[in-house]
Amino acid sequence: MTLKASEGEGGGSMRTALSDLYLEHLLQKRSRPEAASHQVNAVTEDMYTNGSAAPGSPTQAKGQEVRKVRLIQFEKVTEEPMGITLKLNEKQSCTVARILHGGMIHRQGSLHVGDEILEINGTNVTNHSVDQLQKAMKETKGMISLKVIPNQQNRLPALQMFMRAQFDYDPRKDHLIPCKEAGLKFVTGDIIKIINKDDSNWWQGRVEGSSKESAGLIPSPELQEWRVASAAQSAPSEAPSCSPFGKKKKYKDKYLAKHSSIFDQLDVVSYEEVVRLPAFKRKTLVLIGASGVGRSHIKNALLTQNPDKFAYPAPYTTRPPKKGEEDGKEYHFISTEEMTKNISANEFLEFGSYQGNMFGTKFETVHQIHEQDKIAILDIEPQTLKIVRTAELSPFIVFIAPTDQGAQTEALQQLQKDSEAIRSQYAHYFDLSLVNNGVEETLTKLQEAFEQACSSPHPWGRRCSSSAPAHPPIGVSEGAMRHPEAEAPSARTARRRRGTGRGRAPAAPR
């Protein structure tokens, strides 16, 4: 066939005709099993009532907003979910709510969040519920055809960040999640690669090291914190304390212990942003555990076997020195007035009272050990962990659990109960957990892990801004101090300076 432009027409008409024929030929030859995405004639918004074309309407109208309709075809031959969820927008139109990273639709790139779906396999979606449409998409096999209006908004670049989970999560037990099958199960300590957080309530992520390629839904930090806070408010009574000190006898101790409980309850945890870190030296070894689990034995063994490597910061006390005690060796002896002044100046990492006398550990004594190029050993209460997790102290935090061997006596069962209470509330702070079946065995495992932590690249460490201080502008944490003269004294720790935020310590060195 020969095409010839008429005298009144330019060469442009002939080129247009040839282009249209060539395009039509390509579309007809396109293989059906392949994912197809092509645009049909642009139509005005008035042509549609949620996807239905008005008979006899023009294909274009001047001066009106023109929307492009896209026909998408692909073949679904497996049971693999499409990795897509739908919702109704404010106009009650069916739109793409989210696309799971790594899923079928994400790999094709054929749909995007915000796209409006008009038809599914020729069926108008009007007057269908989201559940009905989701079910239809899930159960359909073979060739699938979608007619959609693309979302014209600018799409954000792909997000990539890493978070350490600070709680356990099972989507099957979550009544808030929009789609349980799309949820991501994880446990405390898992590193989650965050891929999308467009939804303020439900982020998309993937557990690092998992064989599963597609992403799943996880509750956002805001949603998780709201959930925990709501549960705490609706609780019929106060949660049992995990402190080994029991009830406080003095009015002052009760008052401060009450504040401690409130602040710790408000310190809701969800995730912690982390980055990969090179190897760095740990300056402080922190031992955490229930009273009576054997921390003192482990600490004393380390000090005896490695006096050139480890040191223990001598506490400050207001009690008078006993016969043979040397100031600055076992204790630093100071007056009550001076200690009160130092507490007000936030110089103490932790402090408490016992039999009318005050005891405390100063930041300064810990720093002096570091200046001697030694490792400071701290056996502190778990409430203080949020204070020691700083770049300046560079801690390696070890949780000591009671033995799981031998006869289950009443005392051992209580110790295991107290230990589990600490673990459930503070596990997200631990670098290592050890069961103390024997001091020698525990020492060997602890020292091996400590050496490896100092010499090997740290896979993940907290991210913080470069302007973050070396340690928090606060004195001590809420809680009770465990001092050398009693297993479970009536104690308290100082209140943190107001306005510094709860539990937000700067990161370890990068």
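Bear in mind that the values in this text are calculations on the coordinates, not laboratory data. A quick note: this is a predicted structure, and the numbers were derived from the prediction, not measured. Backbone-built Cβ (ideal geometry, glycine too); neighbour counts: all protein chains shown.
Annotations
- Annotation: peptides 163-171, 323-331, 214-222, 126-134, ranked by per-residue average of other Cβ atoms within 10 Å with the highest first, follow the order 214-222, 163-171, 126-134, 323-331.
- A cut-off of 5 Å between modelled amide H atoms, ignoring neighbours fewer than 5 places along the same chain, links His332 with Tyr316, Thr317.
- Between the beta carbons of Ala407 and Ala231, assuming R0 = 30 Å, the FRET efficiency works out to 0.20 to the nearest 0.05.
- Residues of segment 92-133 with amide N under 14 Å of the 7 Å Cα→Cβ point at Ser200: none
- For the cross-link pairs Lys322/Lys417; Lys91/Lys135; Lys341/Lys417; Lys76/Lys180; Lys141/Lys185; Lys135/Lys185, the ones whose C-alpha atoms lie over 26 Å apart are Lys322/Lys417; Lys341/Lys417; Lys141/Lys185.
- Rough spin-label spacing in nm, given labels placed 7 Å along Cα→Cβ, for Gln447 and Ser424: 3.6
- Overall form of segment 161-223 per C-alpha gyration tensor (a/c, 1.5; a/b vs b/c): rounded
- The simple Förster model, with R0 at 25 Å and r as the Cβ-Cβ distance, assigns Glu208 and Gln108 a FRET efficiency of 0.50.
- Ordered by the number of other Cβ atoms lying within 10 Å of each residue's own Cβ, fewest first, Thr442, Thr361 fall into the sequence Thr442, Thr361.
- Estimated distance in nm for a label pair at Asn357 and Thr126, the labels positioned 7 Å out from Cα along Cα-to-Cβ: 8.6
- Placing a pseudo-label 7 Å from each Cα along the Cα-to-Cβ vector at Asp308 and Ala136 gives an inter-label distance of 7.9 nm.
- Overall form of segment 251-462: rounded. Here a/c, set by the Cα gyration tensor axes a ≥ b ≥ c, is under 1.5.
- Sorting Ser200, Ser433 from the fewest to the most surrounding beta carbons within 10 angstrom yields Ser200, Ser433.
- Cβ-based exposure ranking for Glu381, Glu441, in which fewest neighbours within 10 Å come first: Glu441, Glu381
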